[in-house]
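One structure below.
The values are calculated or read from the model by the stated rules, or taken from the named source; none is laboratory data. Not measured: the values here are computed from a predicted model. Cβ sites come from the backbone with ideal geometry, for glycine too, and all protein chains shown count toward neighbours.
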Amino acid sequence: MALVLVVDDDLPTCHMVGRVLEAEGYQVALCTKGVYCYPRVRELQPDLVILDLKMPELSGVEVLRVIRSDQKLKHIPVLLYSASIREFQSVDPSLLEQRVALLEKPFSIDELLQKIDHLTSTTKPSQPV
């Protein structure tokens, strides 16, 4: 089963997303700080990273940029979520061309699962979802 790394500084949200994914049969790892995300991605090499854009210390955009700059990790699909449309507008468009989906909070479980299904079943989407 696919391994998903959920990264969110909001612990209740992180746990909620993790529980939903476990109920769907995914293996889940949690990370509550952006600064710890890159080492966890390198260690785990997950099949998908779910990443909150707005985190202290190291934002989701910065984490995405680091992941995409690593030749061994840049293929990993990433689902970015945020409550702020402005956060999505701050993402460099070139980062969105590489297996990335966007999800606005609040989101339904169905929306979350649809985005995950698309990212994990598509080999090379050309546009953000």
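Identify, by number, the condition in (1) crowded, with 16+ Cβ neighbours inside 10 Å; (2) in contact with a Leu (Cβ under 9 Å, 6 or more places away or on another chain) that Q45 doesn't meet.
Failing condition for Q45: (1).
How many of the residues making up segment 15-42 are among the hydrophobic types (A, V, I, L, M, F, W, C) and surrounded by fewer than 19 Cβ atoms within 10 Å (Cβ to Cβ)? Spell out how you get there, then give the answer.
Within segment 15-42, the subset among the hydrophobic types (A, V, I, L, M, F, W, C) is 16-17, 20-21, 23, 28-31, 35, 37, 41.
From what's left, surrounded by fewer than 19 Cβ atoms within 10 Å (Cβ to Cβ): 16, 20, 23, 29-30, 35.
The total comes to 6.
Please go through segment 46-82 and pick out each residue that is in a loop (DSSP other than H, G, I, E, B), out of contact with any Asp or Glu (no Cβ under 7 Å at 6 or more places or on another chain) and closer than 26 Å to I109 by Cβ.
Result: P46, D47, S59, I76, P77.
Criterion first (touching a strand residue (DSSP E or B) at 6+ places or on another chain (Cβ under 9 Å), at pLDDT 95 or above and either of a type in the set (S, T, Y) or assigned to a strand (DSSP E or B) (or both)) does V41 satisfy it?
Answer is no for this residue.
Please state which of the following conditions Q98 fails to meet, knowing it meets all the rest: (1) touching a helix residue (DSSP H, G or I) at 6+ places or on another chain (Cβ under 9 Å); (2) modelled with pLDDT of 85 or more.
Condition not satisfied by Q98: (2).
For segment 3-45, name all the residues that are of a type in the set (G, A, S), in contact (Cβ under 8 Å) with a residue 24 or more places away in the chain and more than 22 Å from V66 (Cβ to Cβ).
Step one: filter segment 3-45 for residues of a type in the set (G, A, S), giving 18, 23, 25, 29, 34.
Remaining after also requiring in contact (Cβ under 8 Å) with a residue 24 or more places away in the chain: 25, 29, 34.
Matches in segment 3-45: G25 only.
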